[in-house]
Structure formats: C-alpha cells, structure tokens
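J.: Questions regarding the structure given below will be posed in turn.
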Amino acid sequence: MKILCVVEHGNAPSTRLRLRDCLDYYAGLDVEATVVPTRRSSVTERLRVLKEARRHDVVVLFKTIGFNELELGLLQRANRRIIFDFDDAVMFRDQKHRRPLRGKDFKKFLRTVRHCAAVVAGNDFLACFAEAAGRRAIILPTSIDLRRYHLKQNFDGPGVTIGWVGLSDGLPYLRHIQPALQRLSEMFPGLKLKVVSDKPLQLDGVHVENDPWQLETEQTNLASFDIGIMPLWDSVWTRGKCGYKILQYMGVGTAVVASDVGVNNEIISHGENGFLARTQDDWVGALSTLIQNAEQRRTFGLRGRELIEKRYSLETFAQGYAKLLREVARIPGESADSRGRRSFGRWNFSSRARELSGGDAVVISAPKSGRTWVRTFLCAYFCKRTGKPFTLRPDRYHEPDIPRMIFSHDFAEQRMKATLWERVRGKYLVPARELARAHVILLVRDPRDAFVSLYMQLVHRTRETPQELKEKSIGDLLRDRRYGIMSIIKTMNNWFAEFGRRKNFTLLHYESLRAAPEQNFRNLLSTLGETSPDPEAFNYALEFSDFANMQRLEVAGVFDSKILRSRDVRNPESFKVRRGKVGGYRDYLSPEDQEFAADALKHLDARFGYTA
C-alpha cells in the first residue's frame, strides 16, 4: 500500500514523531510512505501534491490546513481517500501566545476536515472538534520509540536536577511557574533547572543550565533529569496538547510533575506515577516532596516506564495507524460501481449521520430479526472482558479494546418510519462511506417470523404507532405496502444487491444462531477480531443473553436503556424479548395468510436460503 504524506514543515517535531519515526515500522507492515512538504506560498509544491495523490492509495494531511476550497476539491477528485492528522489545536493557533481568537484558523480546519474520509487526533479534546465537523475521529496519541528511550539506571545522583525539554516557543510556560521555582531555589540551595531547547532561558533567582537540543544527546539529557516538568496555563490551545514531554520523561524512568491541564491528567494518575499541579503552591509542594524523596522518584519513574510500554509505544501506534490506512484504502474511488451505489439512493444529510459513523463493524437488520439478542451478547462480552458494567453503549467507555459497533435498521427503518422530510435527508441510512470502510454484518431472519414479531411490537409495544394501524388485523398488515412482508423482502434484496459481493461482508442467519449459539457467536466474535475469545467473558455473555434471562431482566426493569424495558409486564406480547421461536409465524397467520406469505417469499433473493 502506498501513502502520500503531506506536511507543511518537514522538520517539525510532530512530523518526526508521528511520521518519520514510524517509517521503519510501516515498511515492515507493507506500507510505503512518500513525504511531500508543501509550503503555503508554493504553487509548484501544491500542484505536485495533486499529481502524486492519484498515484497513491491514501493521502494523509499532517496538520495541514492551508489548502483553499478549490485546492481541496481538486485533491478530493484526485483521491477521495484522505486522512487529516493533528496533535495540536491548530484551529486555535491564535491562543498559542494568548492572542484573541479570530476564527480564521477554525474555518480552515472545518474546511479541511470536511474534505477528508477520516481524522486521526492526538487526544479526545481534539477529536471532539473533528466530530463536531461531521467526522468521527480515531484517537492515536503521539507515542515513544522504545528503541531510542532506555530506562535510566541511576535514580539518586548528587544534587537534584529539575529538567524541561522542548522548543523555545514553550519557554513562557516555564516563566509561568517562576515564582514556584524561585521559592524552591531558596528552600533547596544547589537545586538546578536544566533547560534543553533551541534557545537559552534565564530566570531571576533560579540556577538555570541551558543545553542545546540535539537528537543524539536527547536520551542522555532526559536521563540526567531527576524530575521532569511540564507546566502549562489553561487555554483551548494547551488543552489540545498531547503530553509528549511527559511521555519522554516517563520513557527513561524520570519522575514527572505537570500542570493539571488537558490530557496530562489522563497520562498521570496523581500520586501513583506522578504529580499534577494547578497553583504555584501545588508546584512547590509536589516538587519539594520529590526533591526530598529519591525512592518516590524511582517508584514514579518505573511506573511511568511501565505505562509507556503498555500504552504509548511507537510500535503500537504504527500498527494502529496501518490498520486505519488499510480501512481507508478500501473506500472505493470514482468507479462505475461506486457511482451505481450512489444512484441506489444512499445518503444521510441529517445530524444522525454522526451516530451511524465511525464503527469498526456495522450490524444491519430488518426489525425483529434478533438484533437485540446479538447486541446484548456482544456488549455483555466486551464489557465483561474489559471489566466494565454492562451497557448497550460500551463505546462510551472509550476503551481501545472495545470495538465500536453500529446497529441499524437502515433502509427498513427509512421505509417504515421516516417522514417525507426525513426521507429527503436520509435520516436512518448508514452513510455510504461507512459501509465501504467498516465490516458489514447483515443479520437476517425468515421474513414471515420477522413480520409477525414486528406486528406484535407495533400493536402491543410501540406507543407511537398510529391508532388506525393498531386496529388493523395481522392479515391486513401483512399486505401493507409500508409495513408488510413485501417491504421486508424488498429491503433485504436491496441490501444484498448493494454489498453482498463485498469482501467486508458477513451474512448471519438468526435461525443458525438459535440452533447453535455458541458456535455462531464465536464466529461473530472472530469477525470482530476476537479470534481467541476470553472464556470467562464468553460464557458470561452466553448466559446473560439467554432468552429466559433477558426476559427476567426485562420484567425486573434492570436495563438502563428503554430498548430493553417492558411496555406492559402483564402482556407477554409487549416484551422486547418475546418468544424468538423459529417458524412461530404459523401460530399467528391463518392458512390464507401463510399462503400469501409463501408467495411473497418467492421474490426473496435465493442466496438468503429461505424457501416456502
């Protein structure tokens, strides 16, 4: 796979850390990267980007928001598989030096993101702005190359050195805590502040040792720090920072004190692997504690290194990025096939498109095809495996080990439920780009059983069902153009025609799940990347999602979602988890209705395997 990496500043630290340091790892993952710098003033360099974009599978814009609308449109025509990557609040650059916000950079950011197929953000704060622009962001924090960062051996040398490393544009943050550093210098004579940067710093009342930054001496300088610090003031710019200084200090086993701003409090667990500070007194207290306690410095340093190895290694970062690149590379280009799919009528211009985007897998089904059962099993499994309380929205935990799963009735809901305005906007449709990117699981059930369960839900459970619909007999509704069995069959056929031939497609039969739940749920987990499911979590999920148990829990009102709450505990037909019986339609449809349903079934695509 070939990727084109577009950077504004070829030697910027973030370019080195999020791109150039990863090139060796990418090569081992069969990802060939071409790095192209593009200055805002160079028309030639921008034309080269447009030319090269056609020759690559994916284009990645690294913090590049300088393209105008025309240039972005041309780039998108050349290659619509574009990723925007950022680890700074580029939309708030005015705030970097506390200047008033003008909004110019924010408009550039929105313009750029809206032309991209995916966004990679360095932290959750940044990701929120990408999502607000209509793109769900993948969070990949800037990480540490453990091949270059080695655990230091000496934790208790003569004297104590407080260290800071970074570009000179970050020196004002050190001046921000100058009062605390002056007090510490009075309390501990001989205390030294070592600054490793491209420009020197002088602070009155503080012994400062300046050392020019060089890649070759970075490890030595970091290891020479007894305590590493990362002071910040609180602003929309600093909240966008990704805590890389903290990771550097932890990477060599240096104890850390940092401002309690933004992502810093996600990396540092206060009192366990470092200290967080908000006020000048906090800084004095935290630093004086570590200055006087070499053993605590050592403990914090070892715990920090352990965290880096577990969550912030560059190898893991590169693997996650390569996975995303392959997903984006699968997005179809301007082929006749993709144009045909668009003419099929799939779009979503509503605010709900965000809810239906960003999934690792999309489970699509007609109503009453077993979606609640499948969803409950998967959520129970992943919550149990990660030690979280059960919920039908485990993505809210933001656990990297829990895949984001989107469940949708898609065209079925669009046809049965949507108003005219909702149809125009495509409110219930999964966006086409998501179906092209994510793994699609089509959950199907015999349309006759699905229809009968739908009838029971409309009549006995759904409050919003119009009264004239509730007064219809089951036979009349069976023949209804909007809710009847032919509507379900047409929808199933449309789905198969749209993505049944794709490689990222799995067909899952409700009847197979009922016959052999253990085997088929294992296969389903394998589709989601769980090739060796956790035995304890798997058995728990099987028991938890058992029909009898789900009915008991529904009666007791245990579930936190209205999706699994009984409408009327005295009426079994009003339960969300009703009977689940294969072939149960025979208990409700008259012989004449069964004959009509059998004739309708002849119109169903034979590849589904349902026959009259």
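J.: Could you please find all residues in the stretch 329-348 being among the hydrophobic types (A, V, I, L, M, F, W, C) and at pLDDT below 85?
T.: First, pick out the residues of the stretch 329-348 that are among the hydrophobic types (A, V, I, L, M, F, W, C): 329, 331, 336, 344, 347.
Answer for the stretch 329-348, where residues must be among the hydrophobic types (A, V, I, L, M, F, W, C) and at pLDDT below 85: Ile331, Ala336, Phe344, Trp347.
J.: Here's a follow-up. Could you check the stretch 50-70 and list, in sequence order, the residues that are assigned to a helix (DSSP H, G or I) and either without any contact (Cβ under 8 Å) to a residue 40 or more places away in the chain or surrounded by fewer than 16 Cβ atoms within 10 Å (Cβ to Cβ) (or both)? Can you show your working first?
T.: As a first pass, look at the stretch 50-70 and keep what is assigned to a helix (DSSP H, G or I): 50-53, 69-70.
Correct list: Leu50, Lys51, Glu69, Leu70.
J.: Given the conditions (1) without any contact (Cβ under 8 Å) to a residue 40 or more places away in the chain; (2) open to solvent by less than 30 Å² (accessible area, probe 1.4 Å), and given that Asp234 satisfies all but one, which numbered condition is not satisfied?
T.: For Asp234, the exception is condition (2).
J.: Take the conditions open to solvent by 10 Å² or more (accessible area, probe 1.4 Å) and among the small types (Gly, Ala, Ser) and apply them to Ala432. Does it pass? Talk me through it step by step, then tell me what you get.
T.: Details: open to solvent by 10 Å² or more (accessible area, probe 1.4 Å): yes; among the small types (Gly, Ala, Ser): yes.
Yes, satisfied.
J.: Can you tell me which residues in the stretch 481-499 are assigned to a loop (DSSP other than H, G, I, E, B) and in contact with a Lys or Arg (Cβ under 7 Å, 6 or more places away or on another chain)?
T.: Of the stretch 481-499, the ones assigned to a loop (DSSP other than H, G, I, E, B) are 481-484.
Answer for the stretch 481-499, where residues must be assigned to a loop (DSSP other than H, G, I, E, B) and in contact with a Lys or Arg (Cβ under 7 Å, 6 or more places away or on another chain): just Arg482.
J.: Given (1) surrounded by fewer than 18 Cβ atoms within 10 Å (Cβ to Cβ); (2) assigned to a helix (DSSP H, G or I); (3) of a type in the set (D, E, K, R); (4) touching a helix residue (DSSP H, G or I) at 6+ places or on another chain (Cβ under 9 Å), identify the lone condition not met by Glu468.
T.: (4)
J.: What about Asn539, is it over 30 Å from Ala380 (Cα atoms) and surrounded by fewer than 20 Cβ atoms within 10 Å (Cβ to Cβ)?
T.: Spelling it out, it is not the case that Asn539 is over 30 Å from Ala380 (Cα atoms) and surrounded by fewer than 20 Cβ atoms within 10 Å (Cβ to Cβ).
J.: Sticking with this one: I'm trying to understand the selection: among the residues of the stretch 400-418, which are over 19 Å from Leu454 (Cβ atoms) and not charged (D, E, K, R)? Full working, then the answer.
T.: Our first condition is that a residue be over 19 Å from Leu454 (Cβ atoms); within the stretch 400-418, this holds for 400-406.
Pro400, Ile402, Pro403, Met405, Ile406, listed by residue number.
J.: Scan the stretch 515-526 for residues that are exposed (fewer than 15 other Cβ atoms within 10 Å of the Cβ) and either part of a helix (DSSP H, G or I) or in contact with a helix residue (DSSP H, G or I) (Cβ under 9 Å, 6 or more places away or on another chain) (or both) and jot them down. Before the answer, list the steps.
T.: Taking the stretch 515-526 and keeping what is exposed (fewer than 15 other Cβ atoms within 10 Å of the Cβ), we get 515-516, 518-519, 523, 526.
Within the stretch 515-526, Ala515, Glu518, Gln519, Asn523, Ser526 qualify.
J.: Run down Leu215, Leu191, Leu203 and say which single residue is open to solvent by less than 80 Å² (accessible area, probe 1.4 Å) and within 12 Å of Leu174 (Cβ to Cβ).
T.: Numbers: Leu215 fails: within 12 Å of Leu174 (Cβ to Cβ); Leu191 fails: within 12 Å of Leu174 (Cβ to Cβ).
So the residue among Leu215, Leu191, Leu203 that is open to solvent by less than 80 Å² (accessible area, probe 1.4 Å) and within 12 Å of Leu174 (Cβ to Cβ) is Leu203.
J.: Looking at the stretch 42-49, can you tell me whether even one residue there is under 17 Å from Lys323 (Cβ atoms), part of a helix (DSSP H, G or I), open to solvent by less than 20 Å² (accessible area, probe 1.4 Å) and touching a strand residue (DSSP E or B) at 6+ places or on another chain (Cβ under 7 Å)?
T.: Step one: list which residues in the stretch 42-49 are under 17 Å from Lys323 (Cβ atoms), which gives none.
Checked against the condition, which is being under 17 Å from Lys323 (Cβ atoms), part of a helix (DSSP H, G or I), open to solvent by less than 20 Å² (accessible area, probe 1.4 Å) and touching a strand residue (DSSP E or B) at 6+ places or on another chain (Cβ under 7 Å), the stretch 42-49 yields no hits at all.
J.: Could you tell me how many of the residues in the stretch 22-41 are open to solvent by less than 100 Å² (accessible area, probe 1.4 Å), in contact with a helix residue (DSSP H, G or I) (Cβ under 8 Å, 6 or more places away or on another chain) and not aromatic (Phe, Trp, Tyr)?
T.: So in the stretch 22-41, the residues open to solvent by less than 100 Å² (accessible area, probe 1.4 Å) come out as 22-23, 25-29, 31, 33-38.
Applying the additional criterion that residues be in contact with a helix residue (DSSP H, G or I) (Cβ under 8 Å, 6 or more places away or on another chain) yields 22, 25-26, 29, 31, 33-38.
Among the residues that remain, those that are also not aromatic (Phe, Trp, Tyr) are: 22, 29, 31, 33-38.
Count: 9.
J.: Being in a helix (DSSP H, G or I), open to solvent by 70 Å² or more (accessible area, probe 1.4 Å) and either charged (D, E, K, R) or farther than 26 Å from Arg330 by Cα (or both) is the requirement here; does Arg16 meet it?
T.: Values: in a helix (DSSP H, G or I): yes; open to solvent by 70 Å² or more (accessible area, probe 1.4 Å): no; either charged (D, E, K, R) or farther than 26 Å from Arg330 by Cα (or both): yes.
Judged against the criteria, Arg16 is not a match.
J.: Regarding Ser532, is this residue of a type in the set (Gly, Ala, Ser) and open to solvent by less than 20 Å² (accessible area, probe 1.4 Å)? Please lay out each step first, then the result.
T.: Working: of a type in the set (Gly, Ala, Ser): yes; open to solvent by less than 20 Å² (accessible area, probe 1.4 Å): no.
Spelling it out, it is not the case that Ser532 is of a type in the set (Gly, Ala, Ser) and open to solvent by less than 20 Å² (accessible area, probe 1.4 Å).
J.: Scan Arg352, Arg326 and give me the residue that is in a helix (DSSP H, G or I) and either at pLDDT below 60 or farther than 21 Å from Arg501 by Cβ (or both).
T.: Values: Arg326 fails: either at pLDDT below 60 or farther than 21 Å from Arg501 by Cβ (or both).
The conditions single out Arg352.
Here is a yes/no grid of residues against (1) more than 18 Å from His9 (Cα to Cα); (2) crowded, with 22+ Cβ neighbours inside 10 Å:
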site: Leu72; (1), (2): yes, no
site: Arg77; (1), (2): yes, no
site: Ile82; (1), (2): yes, yes
site: Met91; (1), (2): no, yes
site: Lys107; (1), (2): yes, no
site: Arg111; (1), (2): yes, no
site: Asp124; (1), (2): yes, no
site: Cys128; (1), (2): yes, no
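J.: Restricting the stretch 277-335 to residues that are under 16 Å from Ala117 (Cβ atoms) and among the basic types (Lys, Arg), which is farthest from the chain's Cα centre (by Cα)?
T.: Among them, the one singled out is Arg330.
J.: If you go through the stretch 392-445, how many residues are within 18 Å of Leu507 (Cα to Cα) and modelled with pLDDT under 90?
T.: Residues of the stretch 392-445 that are within 18 Å of Leu507 (Cα to Cα), as a first pass: 405-412, 430, 434-445.
Subsequent filtering for residues that are modelled with pLDDT under 90 retains 434-437.
Here the count works out to 4.
J.: Restricting attention to the stretch 480-514, and to residues there that are among the aliphatic types (A, V, I, L, M), open to solvent by 40 Å² or more (accessible area, probe 1.4 Å) and modelled with pLDDT of 90 or more, which single residue is farthest from the chain's Cα centre (by Cα)? Give the derivation first.
T.: Going residue by residue through the stretch 480-514, those that are among the aliphatic types (A, V, I, L, M) are 485-486, 488-489, 492, 497, 507-508, 513.
After this cut, where a residue has to be open to solvent by 40 Å² or more (accessible area, probe 1.4 Å) as well, the list is 486, 497, 507.
Now restrict to residues that are modelled with pLDDT of 90 or more: 486, 507.
Details: Met486: 37, Leu507: 25 Å.
Of everything passing the filter in the stretch 480-514, Met486 is farthest from the chain's Cα centre (by Cα).
The values are calculated or read from the model by the stated rules, or taken from the named source; none is laboratory data. None of these values were measured; they are calculated from a predicted model. With ideal geometry, Cβ positions are generated from the backbone for all residues, glycine too; neighbour counts draw on all protein chains shown. Areas reflect the complete protein model, heavy atoms only, side chains present, ligands, DNA and RNA absent. Shrake-Rupley method; radii C 1.70, N 1.55, O 1.52, S 1.80 Å.
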